[in-house]
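The values are calculated or read from the model by the stated rules, or taken from the named source; none is laboratory data. These numbers were taken from a predicted model, which means no experiment stands behind them. As a convention, Cβ positions derive from the backbone with ideal geometry for all residues, glycine included, and neighbour counts pool all protein chains shown. Calculation scope for accessible area: heavy atoms of the full protein, side chains included, ligands and nucleic acids excluded. Shrake-Rupley method; radii C 1.70, N 1.55, O 1.52, S 1.80 Å.
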Amino acid sequence: MTLSFDSAAELVAALRPEEPVFGLRPHVLRQAAEDYVAAFPGDVLYAVKCNDDPRVLQALHGGGIRHFDTASIPEVARINDLFGHEPAETRVCHYMHPVKGPEATAAAYRQYGVRCFALDHPDELDKIRAATGDARDLTLLVRMEAPRNQATFDLGGKFGASVEDAPDLLRAVAASGNQVGLTFHVGSQCLNPGAYARAIDLADQVAERARVAVPVLDVGGGFPADYVGAATAPFPAFAQAVVAAVRRSKNLRHARLQCEPGRALVAAGCSVVVQVLARRGEALYLNDGAYGSLSELRYLELVPPIRVLRPGGRPGRARLGFKLFGPTCDSADVLPGPYWLPADVAAGDWLEVGQMGAYSNVLRTPFNGFYADRWVYLRDPPVAITPDMEAERRFDLRTA
Ligand SMILES: Cc1ncc(COP(=O)(O)O)c(C=O)c1O
């Protein structure tokens, strides 16, 4: 059973946890789902890879998410296990990984009824045709390159047919007798709505060159979550940029739209509550780190809002920038920060690290025997990003 608390402070007072705890806020997840579904004029596919915890998926489904961007059979199976009893149209899986195994493709089609697949190469089209017995009831989305370096985490260079190659692939898909579509990913934590408009302009050029109708356009994920110093436009601004670009396009203006948010839907819905095991000057040794649920903070240099939780005490007002070490014996297990916290933070305190619903539990490893898997529900609002935090981050960026 998952315990439930009014706040992270109450959780810490009750459990005094020595291991990291995931604090899930289903009400926040449900609200995010409702907001995205209301703002986007098409299907909102949740990118399951971002956080596949069943409680997260249930909350999103409760908020109206009916489509799922899946990358593997285990993800498809999880959606099926959770929502298999629901009508099929309320749990639609789209297999959006452009490189799939033949058996996985066949299982998706035959066992799970998946009808939408992404691809970025003629070999993959051959594979899909062979694995599905030359099916004609598919929607095949050609993943094309998006303009590079538009986001905090550039996803280019691995997947995506070039603008030169994509038209031939679109024609080959059309010739296979299946419904044709285009998709791209602008990169994760993309702060600029204009990046989607640029990618849609490129998709329009590809459709123009291909000279086949493209009735489906999937604008991928990449929508930003709130971190300290990463002020983002609200999702409706991104949705409007998409709609405006599609309307002014020549070839995509009647396309059915899809998007695949991961991070932006779930980041605010989960905190990680960690304990300070030791303090050495301006370094804190935590029970979670770069090999655990905080790994994204290391390689993306995102700064989440953090608050100190000290049952029976109140931290001082003066603040200092800290470096955070994780619990393994590996010296790469460090988050250099600086992370600004009350100057009197000490061993035994707990930290609530906010905005940790995305790419946290799914990236943790059991390295050195540490593998946190304790979950609770929290009923309070997420950790707020304060003007002080923003000012500290601006200072750090200026002096870096
Ligand atoms: C195909 C695809 N769609 C959607 C996403 C979700 O991206 P984000 O979490 O940035 O919204 C990803 C992330 O890697 C992806 O590969």
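Candidates Arg198, Arg247: the one that is of a type in the set (Lys, Arg), surrounded by fewer than 24 Cβ atoms within 10 Å (Cβ to Cβ) and farther than 24 Å from Leu300 by Cα is Arg247. Among the listed residues Leu397, Leu363, Leu335, which satisfies the condition of being open to solvent by less than 50 Å² (accessible area, probe 1.4 Å) and either under 29 Å from Asn51 (Cβ atoms) or of a type in the set (S, T, N, Q) (or both)? The unique qualifying residue is Leu335.
Which members of region 302-335 meet the condition of being of a type in the set (D, E, K, R) and without any contact (Cβ under 8 Å) to a residue 24 or more places away in the chain? Reasoning before the result, please.
Filtering region 302-335 for residues of a type in the set (D, E, K, R) gives 307, 310, 314, 317, 319, 323, 330, 333.
Arg314, the sole residue that qualifies.
For region 129-136, the condition holds for no residue, the condition being that it is away from the ligand (no atom under 16 Å from the Cβ), closer than 22 Å to His254 by Cβ and assigned to a helix (DSSP H, G or I). Restricted to region 312-323, and to residues there that are open to solvent by 50 Å² or more (accessible area, probe 1.4 Å) and in a loop (DSSP other than H, G, I, E, B), the residue that is nearest to Val12 (Cα to Cα) is Gly312.
Note on region 8-122: enclosed strands (runs of 3 or more DSSP E) holding 1 or more residues that are away from the ligand (no atom under 16 Å from the Cβ) are 21-24.
Residues in region 366-383 that are open to solvent by less than 60 Å² (accessible area, probe 1.4 Å) and either within 19 Å of Glu18 (Cβ to Cβ) or hydrophobic (A, V, I, L, M, F, W, C) (or both): Ala372, Trp375, Val376, Leu378, Val383. Can you find a residue that is in contact with a His (Cβ under 7 Å, 6 or more places away or on another chain), at pLDDT 95 or above and open to solvent by less than 20 Å² (accessible area, probe 1.4 Å) anywhere in region 221-242? Yes, because at least one residue in region 221-242 is in contact with a His (Cβ under 7 Å, 6 or more places away or on another chain), at pLDDT 95 or above and open to solvent by less than 20 Å² (accessible area, probe 1.4 Å). Inspection of region 260-268 finds a residue satisfying the criterion of being buried (at least 23 other Cβ atoms within 10 Å of the Cβ), among the β-branched types (Val, Ile, Thr) and closer than 30 Å to Asp388 by Cα. Listed by first and then second residue, the pairs linking a residue in region 83-100 that is surrounded by fewer than 11 Cβ atoms within 10 Å (Cβ to Cβ) to a residue that is part of a loop (DSSP other than H, G, I, E, B), with Cβ atoms under 9 Å apart and 6 or more places separating them unless they lie on different chains, are Ala88/Gly113; Glu89/Arg66. For region 232-253, the set of residues classified as more than 14 Å from the ligand (Cβ to nearest atom), under 30 Å from Arg398 (Cα atoms) and touching a residue at least 40 places away in the same chain (Cβ under 8 Å) consists of Ala233, Ala237, listed by residue number.
Please work out if Ala213 is assigned by TED's automatic domain parsing to the domain that holds Val180 and either crowded, with 17+ Cβ neighbours inside 10 Å or modelled with pLDDT of 95 or more (or both).
Working: assigned by TED's automatic domain parsing to the domain that holds Val180: yes; either crowded, with 17+ Cβ neighbours inside 10 Å or modelled with pLDDT of 95 or more (or both): yes.
It is true that Ala213 is assigned by TED's automatic domain parsing to the domain that holds Val180 and either crowded, with 17+ Cβ neighbours inside 10 Å or modelled with pLDDT of 95 or more (or both).
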